[in-house]
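Down below is the structure, laid out as structure tokens.
The values are calculated or read from the model by the stated rules, or taken from the named source; none is laboratory data. None of these values were measured; they are calculated from a predicted model. When we count neighbours, we look across all protein chains shown, and the Cβ atoms used for this are built from the backbone with ideal geometry, even at glycine. Surface areas here come from the heavy atoms of the whole protein model, side chains and all, with no ligands, DNA or RNA. Shrake-Rupley method; radii C 1.70, N 1.55, O 1.52, S 1.80 Å.
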Number of protein chains: 2
Amino acid sequence: MDRKILLNEQDIPKQWYNIAADLPTPMLPPLGPDGNPVSPDMLAPVFPMNLIEQEVSTERWIDIPEEVLDILYRWRPAPLRRAVYLERFLDTPAKIYYKDESTSPAGSHKPNTSVPQAWYNKQFGIERLTTETGAGQWGSALSFACSLIGLECKVFMVRISFDQKPFRKLMMQVWGGNCVASPSEETNAGRKILEEMPDTPGSLGIAISEAIEQAVTDPSGKTRYSLGSVLNHVMLHQTIIGLEAKAQLKSVGIDKPDVIIGCAGGGSNFAGLAFPFTQDKINGAEIEIIPCEPTACPTLTRAPFAYDFGDTACTTPLMAMYTLGHAFVPPPIHAGGLRYHGMSPLVCQCVVEGLHNPRAIDQVECYEAALTWARTEGTICAPETSHAVACAIQEAKKAKEEGKEKTILFNYSGHGLMDLKGYEAYLTGKLAPYYLPDEELAKTEECLKDYPPAEMRKTGKW
Amino acid sequence: MDRKILLNEQDIPKQWYNIAADLPTPMLPPLGPDGNPVSPDMLAPVFPMNLIEQEVSTERWIDIPEEVLDILYRWRPAPLRRAVYLERFLDTPAKIYYKDESTSPAGSHKPNTSVPQAWYNKQFGIERLTTETGAGQWGSALSFACSLIGLECKVFMVRISFDQKPFRKLMMQVWGGNCVASPSEETNAGRKILEEMPDTPGSLGIAISEAIEQAVTDPSGKTRYSLGSVLNHVMLHQTIIGLEAKAQLKSVGIDKPDVIIGCAGGGSNFAGLAFPFTQDKINGAEIEIIPCEPTACPTLTRAPFAYDFGDTACTTPLMAMYTLGHAFVPPPIHAGGLRYHGMSPLVCQCVVEGLHNPRAIDQVECYEAALTWARTEGTICAPETSHAVACAIQEAKKAKEEGKEKTILFNYSGHGLMDLKGYEAYLTGKLAPYYLPDEELAKTEECLKDYPPAEMRKTGKW
């Protein structure tokens, strides 16, 4: 019985897969404030040039440095598991496989990119990375990577999470990360906000502004900023997930899964699993590929495809993506990692091309699925991951109705041991289904009206 | 490079190893309040007869039921890993291997016994298990097992932990466990204590009394009590750890390790790894086997070998073991799982026979080791596990001094993600070394003076 499918160390993928090389239509370029495409040089104060090169690369395969692999070996290749206990419970003819990304020391897929990002920065002569974190997953993953590679790490953590999630902060400290509540007194952006609103709970947008400011204003030039999702090079680093999964499925005689599922906030865990299979789909394979998002933050399922800023403070270049608008304030659902207004432009492009078929699921159905999972498979998944679990259950039930022996593959992006509060809310009946009201979407139109619509390429006018 | 040594599902051990069959001297029997050996019948209201049979068995090998294996497959065989990053950091000629028991859904070795215990109870027609939990590891593990096997689970959690560790309680609830603060209003023992001391923080002793009372007073006879360490059948179930490790080492050409290490509180994770190798030592192999305990609770290194109760309330049979006395109140060190006054009688017997060489390590050295571990190997270990890590580092340094290529094997008994408060205390300089003062040991003599000394077998008189 192939319950756990392992890959030997020597069989780890040696290259990342870059989907930009295979997309039917070239990507729309990021635009500067003047409406012109952003050049690599303009990003140099924020990111090291070796990562900027990856960001804009259209090479299909990019070598993973030996020294990066040496760090990834701590937990990779990650196991591919078959959810036989859930299959039995659902009495489905479907085979449900999941890639277990919860086995990294930080507990999620995030270190797949924090490690190479820290490594490339170190290679470029950088000594210190700054970043922001909401719920704390990314801040932990970057602290972990910097600890092993020998970089200082500064994390601006949204104040309300900083106060409510002391254990995440402690994880970062164990790995030597310096985590401060944002807004802080350490940046102009932070001080300004604190002056105006001393009691603010903070926001991801503010934290991003602080992290970028500290990176670009370091007079030594030895500080850069690091981002845990959305960007092309992040998606690239995560493709190791799907490449491993492909080899693992092959080893048990499965040439391709029929359905691929991942939860999508900024898009990185989903893309990591899905892109190597998307290549097959581009080349003719029949696979349904589903990025799964909350009905409370329905970026891919209900938002327009447009040019928008990546952050609330409008400091990033404009990117062509599905977006609820940079001013969108998502409701406080427990899957903090899925509350982003935008989405990885690469994932968005796949949706535009019809390669991916997004789906939104409500948080109550997700927690119900997470509980079924814990009481059959045995593990406690992250609130974000529960969206992928819920979608896999939907597909397994559908396979039963259709009487089809489908192979379903989903990404188990992280464990939920640091995020049990959402389970408590669910178990005590405090969660209700939430679908974003139409009037909220009207605000999106308003927010985006001054920026070029992404469709301009097709229409030729703005 | 053999960084991660895996075992295929079909190679999982099919039998547990019972060291009672091989001990040079037979075990001293547990005694009842009258000083006479306890018969299996006397334990029947507390445990199901099939587990009592295991408790008193002297069969060398006991079959693991197929259905128990089917549940263990969720995470077993567990990986054996080589700590190459720590080896490099220490620049030691020693090879450091560790058995990774943190990969179970509950995060420790505890489910290795909670699963068979729940299964045997179910087979015996039991519908509900009660237990106590301190820090929450055992309560989580039993809730997990009951959830998968279909038993009700009632956990009495020491009130101070219940209040300070809400996430452990939530883990239990996710698995359907019913966790209440102890003392509770649900038992005579609890009500009596609450009447006398309404603000008591509770204790493991009180919680045990409540759990046993609820098991033995259920008029339906369908409730039993379950214990997570100390007892013979618990050690038996844990031997799957060492049996797997043996097969894994063999697969990379290592016939036997030179040093074996495990932290010891009640003794179960240590015994689980050590007993199968102790058999080899009985048969002539040269292996140093080290149970490692805190200097704050030095049961094996400084306490007398005597007959004593297993619990504070003096409700259990008298067991022959090293003991600091049932009235011993351990200082509040952060490794809650190592604060037990006694120790598994089987482990104690091995120490008496000279098969195991106990060592005590101070908590500051342990956290220092845990931090070194997190910043080299990458993972955050449980405070209990940090004792084994510290001991492994001591041995690796010794191997370097001696210039010997030793093989060190230790048990990585659990992760520390639910127990980060101790790290905080260490990182903020709030932990000091603590060695139990001699005057505390004088209290042990006083506590034990009315009970038969275990040496009576040798002297023939009491």
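Taking strands (runs of 3 or more DSSP E) that fall entirely within region B:58-161, which contain at least 2 residues that are of a type in the set (Lys, Arg) and at pLDDT 95 or above? Before the answer, list the steps.
Values: elements: B:61-63, B:80-82, B:95-100, B:128-133, B:152-158.
Fully inside region B:58-161 and qualifying: B:80-82, B:95-100.
Mind counting the residues in region A:195-215 that are among the aliphatic types (A, V, I, L, M), surrounded by 15 or more Cβ atoms within 10 Å (Cβ to Cβ) and more than 20 Å from A:Tyr340 (Cβ to Cβ)?
Let us first name the residues in region A:195-215 that are among the aliphatic types (A, V, I, L, M), namely A:197, A:204, A:206-208, A:211-212, A:215.
From what is left, the residues that are surrounded by 15 or more Cβ atoms within 10 Å (Cβ to Cβ) are A:204, A:206-208, A:211-212, A:215.
Next, only the ones that are more than 20 Å from A:Tyr340 (Cβ to Cβ) stay: A:215.
Selection size over region A:195-215: 1.
Just to verify a result, which residue in region A:330-383, among those that are free of Cβ contacts under 8 Å to residues at least 12 places away in the same chain and open to solvent by 20 Å² or more (accessible area, probe 1.4 Å), is farthest from the chain's Cα centre (by Cα)? Lay out the reasoning, then the answer.
To start, the set of residues in region A:330-383 that are free of Cβ contacts under 8 Å to residues at least 12 places away in the same chain comprises A:332, A:354, A:374-375.
Adding the requirement that they be open to solvent by 20 Å² or more (accessible area, probe 1.4 Å) leaves A:332, A:354, A:375.
Numbers: A:Pro332: 18, A:Gly354: 20, A:Arg375: 27 Å.
Filtering first and then ranking leaves A:Arg375.
Suppose we keep only residues that are open to solvent by 30 Å² or more (accessible area, probe 1.4 Å) and assigned to a loop (DSSP other than H, G, I, E, B) within region A:1-21. Which one would you say is farthest from the other protein chains (Cβ to nearest Cβ)?
A:Lys14
Does region B:333-340 contain any residue that is under 19 Å from B:Ala274 (Cβ atoms) and assigned to a strand (DSSP E or B)?
Taking region B:333-340 as the starting set, the residues that turn out to be under 19 Å from B:Ala274 (Cβ atoms) are B:335, B:337-338, B:340.
If we keep only those that are assigned to a strand (DSSP E or B) too, we end up with none.
No: zero hits.
Quick check on this structure: which one of A:Gly253, A:Gly242, A:Gly228, A:Gly221 is open to solvent by less than 40 Å² (accessible area, probe 1.4 Å) and without any contact (Cβ under 8 Å) to a residue 24 or more places away in the chain?
The unique qualifying residue is A:Gly221.
Do we have B:Gly262 as modelled with pLDDT under 95, of a type in the set (Gly, Ala, Ser) and in contact with a helix residue (DSSP H, G or I) (Cβ under 8 Å, 6 or more places away or on another chain) here?
On the way: modelled with pLDDT under 95: no; of a type in the set (Gly, Ala, Ser): yes; in contact with a helix residue (DSSP H, G or I) (Cβ under 8 Å, 6 or more places away or on another chain): yes.
No, not satisfied.
In region A:402-435, how many residues are of a type in the set (A, V, I, L, M) and touching a strand residue (DSSP E or B) at 6+ places or on another chain (Cβ under 7 Å)? Talk me through it step by step, then tell me what you get.
In the first step, residues of region A:402-435 are kept if they are of a type in the set (A, V, I, L, M); the result is A:408-409, A:417-418, A:420, A:425, A:427, A:431-432.
Checking the rest, the ones that are also touching a strand residue (DSSP E or B) at 6+ places or on another chain (Cβ under 7 Å) come to A:408-409.
Going through region A:402-435 one residue at a time, the tally reaches 2.
Quickly run through region B:145-183 and pick out the residues that are touching a strand residue (DSSP E or B) at 6+ places or on another chain (Cβ under 9 Å), of a type outside the set (Ser, Thr, Tyr) and within 17 Å of B:Ile71 (Cβ to Cβ).
Answer for region B:145-183, where residues must be touching a strand residue (DSSP E or B) at 6+ places or on another chain (Cβ under 9 Å), of a type outside the set (Ser, Thr, Tyr) and within 17 Å of B:Ile71 (Cβ to Cβ): B:Ala145, B:Cys146, B:Leu151, B:Cys153, B:Trp175, B:Gly176, B:Gly177.
Yes or no, residue by residue, for (1) buried (at least 24 other Cβ atoms within 10 Å of the Cβ); (2) closer than 26 Å to A:Tyr85 by Cα:
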| position | (1), (2) |
| --- | --- |
| B:Tyr85 | no, no |
| B:Arg88 | no, no |
| B:Pro93 | no, no |
| B:Tyr98 | yes, no |
| B:Ser104 | yes, yes |
| B:Ser114 | yes, yes |
| B:Gln123 | no, yes |
| B:Glu127 | no, yes |
| B:Phe144 | yes, yes |
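Tell me, please, whether a residue that is basic (Lys, Arg) and either within 14 Å of another protein chain (Cβ to nearest Cβ) or in a helix (DSSP H, G or I) (or both) can be found in region B:357-366.
Narrowing region B:357-366 to residues basic (Lys, Arg): B:359.
From the residues that got through so far, the ones that are either within 14 Å of another protein chain (Cβ to nearest Cβ) or in a helix (DSSP H, G or I) (or both) too are none.
There is no residue in region B:357-366 that is basic (Lys, Arg) and either within 14 Å of another protein chain (Cβ to nearest Cβ) or in a helix (DSSP H, G or I) (or both).
Do we have B:Gly107 as within 14 Å of chain A (Cβ to nearest Cβ), in contact (Cβ under 8 Å) with a residue 60 or more places away in the chain and touching a His at 6+ places or on another chain (Cβ under 6 Å) here? Break it down into steps so the answer makes sense when it comes.
Values: within 14 Å of chain A (Cβ to nearest Cβ): yes; in contact (Cβ under 8 Å) with a residue 60 or more places away in the chain: yes; touching a His at 6+ places or on another chain (Cβ under 6 Å): yes.
Yes.
Could you grab me the full set of residues in region A:311-324 that are out of contact with any Phe, Trp or Tyr (no Cβ under 9 Å at 6 or more places or on another chain) and of a type outside the set (A, V, I, L, M, F, W, C)?
A:Asp311
Considering (1) under 18 Å from the mean Cα position of the chain (by Cα); (2) in contact (Cβ under 8 Å) with a residue 60 or more places away in the chain, say which one A:Ala94 fails and leave the rest.
Failing condition for A:Ala94: (1).
Considering (1) buried (at least 23 other Cβ atoms within 10 Å of the Cβ); (2) in contact with a helix residue (DSSP H, G or I) (Cβ under 6 Å, 6 or more places away or on another chain), say which one B:Gly176 fails and leave the rest.
Just one mismatch for B:Gly176, condition (1).
Quick one: which of A:Leu273, A:Leu243 is of a type in the set (A, V, I, L, M) and within 15 Å of the chain's Cα centre (by Cα)? Full working, then the answer.
Values: A:Leu243 fails: within 15 Å of the chain's Cα centre (by Cα).
Matching residue, one of A:Leu273, A:Leu243: A:Leu273.
Filtering region A:146-164 down to residues that are away from chain B (no Cβ under 11 Å) and not hydrophobic (A, V, I, L, M, F, W, C), which residue is most open to solvent (accessible area, probe 1.4 Å)?
A:Gln164
What is the number of the single condition among (1) away from chain A (no Cβ under 13 Å); (2) surrounded by fewer than 15 Cβ atoms within 10 Å (Cβ to Cβ) that B:Ile64 does not meet?
So the condition that B:Ile64 fails would be (2).
Condition test on B:Lys169, is it in contact (Cβ under 8 Å) with a residue 12 or more places away in the chain, within 12 Å of chain A (Cβ to nearest Cβ), open to solvent by 20 Å² or more (accessible area, probe 1.4 Å) and within 23 Å of the chain's Cα centre (by Cα)? Step through it out loud before you land on a result.
Working: in contact (Cβ under 8 Å) with a residue 12 or more places away in the chain: yes; within 12 Å of chain A (Cβ to nearest Cβ): yes; open to solvent by 20 Å² or more (accessible area, probe 1.4 Å): yes; within 23 Å of the chain's Cα centre (by Cα): yes.
Considered against the rule, which asks whether it is in contact (Cβ under 8 Å) with a residue 12 or more places away in the chain, within 12 Å of chain A (Cβ to nearest Cβ), open to solvent by 20 Å² or more (accessible area, probe 1.4 Å) and within 23 Å of the chain's Cα centre (by Cα), B:Lys169 comes out as yes.
State which residue is farthest from the chain's Cα centre (by Cα) when the search covers only region B:34-61 and only residues that are of a type in the set (A, V, I, L, M) and buried (at least 18 other Cβ atoms within 10 Å of the Cβ).
If we filter region B:34-61 for residues that are of a type in the set (A, V, I, L, M), which is where we start, we get B:38, B:42-44, B:46, B:49, B:51-52, B:56.
Pick out the ones that are also buried (at least 18 other Cβ atoms within 10 Å of the Cβ) and you get B:38, B:43, B:46, B:51-52.
On the way: B:Val38: 23, B:Leu43: 21, B:Val46: 20, B:Leu51: 18, B:Ile52: 19 Å.
Among them, the one singled out is B:Val38.
Within region B:403-425, count every residue that is within 14 Å of chain A (Cβ to nearest Cβ) and touching a residue at least 12 places away in the same chain (Cβ under 8 Å). Explain how you work it out, then say what you get.
Taking region B:403-425 and keeping what is within 14 Å of chain A (Cβ to nearest Cβ), we get B:412, B:414-425.
When the remaining residues are screened for being touching a residue at least 12 places away in the same chain (Cβ under 8 Å), the result is B:412, B:414-423, B:425.
Going through region B:403-425 one residue at a time, the tally reaches 12.
Could you tell me whether region A:387-400 includes any residue that is within 14 Å of chain B (Cβ to nearest Cβ) and open to solvent by 10 Å² or more (accessible area, probe 1.4 Å)?
As a first pass, look at region A:387-400 and keep what is within 14 Å of chain B (Cβ to nearest Cβ): A:389.
The next check asks that each one be open to solvent by 10 Å² or more (accessible area, probe 1.4 Å); those that pass are none.
Within region A:387-400, none of the residues are within 14 Å of chain B (Cβ to nearest Cβ) and open to solvent by 10 Å² or more (accessible area, probe 1.4 Å).
Which ones in region B:307-329 are in contact (Cβ under 8 Å) with a residue 60 or more places away in the chain, farther than 22 Å from B:Pro40 by Cα and crowded, with 21+ Cβ neighbours inside 10 Å?
Of everything in region B:307-329, those that are in contact (Cβ under 8 Å) with a residue 60 or more places away in the chain, farther than 22 Å from B:Pro40 by Cα and crowded, with 21+ Cβ neighbours inside 10 Å turn out to be B:Thr323, B:Leu324, B:Gly325, B:His326, B:Phe328.
Quick check on this structure: which one of B:Thr428, B:Thr372, B:Thr379 is within 14 Å of chain A (Cβ to nearest Cβ) and farther than 25 Å from B:Ser108 by Cβ?
On the way: B:Thr372 fails: farther than 25 Å from B:Ser108 by Cβ; B:Thr379 fails: farther than 25 Å from B:Ser108 by Cβ.
Result: B:Thr428 is the single residue among B:Thr428, B:Thr372, B:Thr379 that is within 14 Å of chain A (Cβ to nearest Cβ) and farther than 25 Å from B:Ser108 by Cβ.
Collect the residues in region B:407-443 that are in a loop (DSSP other than H, G, I, E, B), aliphatic (A, V, I, L, M) and buried (at least 17 other Cβ atoms within 10 Å of the Cβ), keeping them in residue-number order. I'd like the intermediate steps shown before the answer.
Initially, region B:407-443 is screened for residues in a loop (DSSP other than H, G, I, E, B), giving B:413, B:416-420, B:428-437.
Subsequent filtering for residues that are aliphatic (A, V, I, L, M) retains B:417-418, B:420, B:431-432, B:436.
Matches in region B:407-443: B:Leu417, B:Met418, B:Leu420, B:Leu431, B:Leu436.
Quick one: in region A:341-356, of everything that is under 21 Å from A:Gln137 (Cβ atoms) and not in a helix (DSSP H, G or I), which residue is nearest to the other protein chains (Cβ to nearest Cβ)?
Taking region A:341-356 as the starting set, the residues that turn out to be under 21 Å from A:Gln137 (Cβ atoms) are A:341-344, A:346-347.
Within this subset, residues satisfying the condition of being not in a helix (DSSP H, G or I) are A:341-344.
On the way: A:His341: 30, A:Gly342: 30, A:Met343: 29, A:Ser344: 27 Å.
My answer is A:Ser344.
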